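Trainee: Sharing a structure here in structure tokens format.
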Amino acid sequence: MIKLNKEELQLASKINQLKDEAGSHSPSIFTLVKKIPELNVKVDACFLSNPYATDLFLSYLKEELVNTNKLRDVLEFYPSQNNVISELLAKNLCINKENIFIGNGAIEVIQAVLHNFVSKKIIVNIPTFSSYYEFVKKDTEVVYYQLKKENNYSLIPEDYVEFVKKEKPDSVVIINPNNPDGQYIKYKNLRYILNELKDIKNIIIDESFIHFAFENNDYDLISATELVKEYNNVIVIKSMSKDFGIAGIRAGYGVMNKYKVASLLENGYLWNSSGLSEYFFRLYTRQDFLEEYEKVRVKYILETQAFFKELSAINHIKVYPGLANFVLIELPEGTTSSDFVSKMLIKYGVYTRTCSDKIGLKGEYIRLASRTKEENTVIIKALNDIFVNE
Ligand SMILES: *Cc1c(COP(=O)(O)O)cnc(C)c1O
């Protein structure tokens, strides 16, 4: 059991207050350090991004924008319009530009889809990323499909299909791999689900973590993007924040049938990208960048999977390894996630994510992101110390 001393308890109550104010997301590291200067944060294992991809993006940005003074153009002028950026991406995604909708982060695509296409009833699998039930319209009914603890919170296709057919919603959401448990639905199973659910109006597939998942020993990833050609009801939503490590520039997109894209663009979203996100999307279509990116993607996957293995060897905690860049961890009985988060932050400088606000989890859980190799070592050391010495 984790015990906090008097000093730690005082800081812990400040941490908990900030968490309460942040609702179903976590306070950012900037907020934490600004409001609680006593904290010495060494590792942010709360935010889910590939740090090597951020380094890569920064090196391009420095060389091509900062050193050449082109940054001024990117900031001074309007970025391209939504459908111009779609055209850039089309070749890269092997899909027509008419099927692509660019968002100011995936969150804007999620809102647009929930507000424009989802009508009476949506099925959301829990535990999940909260926006899918928080941002629905007031008159949309949300039905939860509980992912089962005994299956490590992974989705069982047959059981899911049966549930959906019984409930008859107009829309469903599948996050693949899922946040916060990292469980991945293989391409074959996804196709099975789509074949069974042809009558559902909207099948939303959120692939924000797909670059961390793989189907085979070569670490190949298979995106559902091209399934939009085959299944008219599929809407793929993709954030670039996590796998490219660029949450600050706000880049995401949706792929869906062309009538949906046209109806969204008809009355809005004209210049919703920033100059910097347009610069990113242009890089994303370049072979030289993609080759470099593939290297840091696989490097990070290898380190992440090795990190999960080390975590699984730690006594007293139950690790649910998946194919995302984070793991769900169940804490031993008698330990609350808020005490754990406070202890890790105050004593070891490691910021972890409580899952106390996540509906559909039975027990006390935290979510831990994989960071650089060095940072992961700090995390493992802290965990070993906490569960051996505390
Ligand atoms: C983080 C996250 C998003 C939001 O991504 P942005 O592009 O930063 O808006 C969407 N879906 C899931 C599942 C996420 O985890």
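The values are calculated or read from the model by the stated rules, or taken from the named source; none is laboratory data. No experiment lies behind these values; they were computed from the predicted model shown. A quick note on method: Cβ atoms are made from the backbone with ideal geometry, for glycine too, and the neighbour counts reach across all protein chains shown.
Trainee: Across region 242-278, what is the number of residues that are farther than 18 Å from residue 113 by Cα, surrounded by fewer than 21 Cβ atoms within 10 Å (Cβ to Cβ) and among the hydroxyl-bearing types (Ser, Thr, Tyr)?
Mentor: 1
Trainee: Something else about it: Tell me, which helices (runs of 4 or more DSSP H) lie completely within region 46-165 with 1 or more residues that are crowded, with 17+ Cβ neighbours inside 10 Å and either away from the ligand (no atom under 16 Å from the Cβ) or among the β-branched types (Val, Ile, Thr) (or both)?
Mentor: Because the criterion is at least 1 residues that are crowded, with 17+ Cβ neighbours inside 10 Å and either away from the ligand (no atom under 16 Å from the Cβ) or among the β-branched types (Val, Ile, Thr) (or both), the helices (runs of 4 or more DSSP H) in region 46-165 that meet it are 51-61, 71-76, 82-93, 106-116.
Trainee: Go through 204, 200, 193 for me and flag whichever is assigned to a strand (DSSP E or B) and within 15 Å of residue 123 (Cβ to Cβ).
Mentor: Result: 204 is the single residue among 204, 200, 193 that is assigned to a strand (DSSP E or B) and within 15 Å of residue 123 (Cβ to Cβ).
Trainee: If you scan region 206-223, which residues turn out to be more than 13 Å from the ligand (Cβ to nearest atom) and farther than 19 Å from residue 191 by Cβ?
Mentor: 217, 218, 219
Trainee: Can you pull out every residue in region 253-278 that is under 30 Å from residue 72 (Cβ atoms), away from the ligand (no atom under 16 Å from the Cβ) and touching a Phe, Trp or Tyr at 6+ places or on another chain (Cβ under 9 Å)?
Mentor: Matches in region 253-278: 265, 271, 275.
Trainee: Kindly list, by first and then second residue, each pair from a residue in region 206-217 that is closer than 23 Å to residue 113 by Cα and modelled with pLDDT of 95 or more to a residue that is within 13 Å of the ligand (Cβ to nearest atom) and in a helix (DSSP H, G or I), limited to pairs with Cβ atoms under 6 Å and residues at least 6 apart or on different chains.
Mentor: 208/106
Trainee: Select, from 372, 336, the only residue that is among the polar types (S, T, N, Q) and touching a Ser or Thr at 6+ places or on another chain (Cβ under 9 Å).
Mentor: 336
Trainee: Can you run down the residue pairs with Cβ atoms below 7 Å, 6 or more apart or on separate chains, where the first is in region 172-186 and more than 12 Å from residue 129 (Cβ to Cβ) and of a type in the set (Ser, Thr, Tyr) and the partner is near the ligand (Cβ under 10 Å from one of its atoms) and part of a loop (DSSP other than H, G, I, E, B)?
Mentor: Partner pairs satisfying both residue conditions: 184/176; 184/177.
Trainee: Between a residue in region 102-126 that is basic (Lys, Arg) and any residue that is away from the ligand (no atom under 15 Å from the Cβ), which pairs come within a Cβ distance under 6 Å, given they are 6 or more apart or on different chains?
Mentor: Listed by first residue and then by second, the contacts come to 120/170; 121/141; 121/169; 121/170.
Trainee: Another one. I need every pair where a residue in region 57-82 that is touching a residue at least 24 places away in the same chain (Cβ under 8 Å) and under 30 Å from residue 267 (Cβ atoms) has its Cβ under 9 Å from the Cβ of a residue that is of a type in the set (Phe, Trp, Tyr) and in a helix (DSSP H, G or I), sequence separation at least 6 or different chains.
Mentor: 74/279; 79/279; 80/281
Trainee: Determine, yes or no, whether residue 173 is within 19 Å of residue 231 (Cα to Cα) and touching a Ser or Thr at 6+ places or on another chain (Cβ under 8 Å).
Mentor: Here the answer is yes, as residue 173 does meet what is asked.
Trainee: State which residue is farthest from the ligand (Cβ to nearest atom) when the search covers only region 224-252 and only residues that are touching a residue at least 60 places away in the same chain (Cβ under 8 Å) and part of a strand (DSSP E or B).
Mentor: Looking at the filtered set, the residue picked out is 235.
Trainee: Same structure, new question: Answer yes or no as to whether residue 333 is part of a helix (DSSP H, G or I) and among the charged types (D, E, K, R).
Mentor: For residue 333, the condition - part of a helix (DSSP H, G or I) and among the charged types (D, E, K, R) - is not met.
Trainee: Just to be sure before I move on: is residue 9 at pLDDT below 95 and either more than 26 Å from the chain's Cα centre (by Cα) or part of a loop (DSSP other than H, G, I, E, B) (or both) in the structure I sent?
Mentor: Yes: the conditions hold for residue 9.
Trainee: Could you give me the residue pairs with C-beta distances under 6 Å whose first residue belongs to region 369-386 and is surrounded by fewer than 22 Cβ atoms within 10 Å (Cβ to Cβ) and part of a loop (DSSP other than H, G, I, E, B), whose second residue is at pLDDT 95 or above and not hydrophobic (A, V, I, L, M, F, W, C) wherever it lies, and which are 6+ apart or on separate chains?
Mentor: Listed by first residue and then by second, the contacts come to 372/51.
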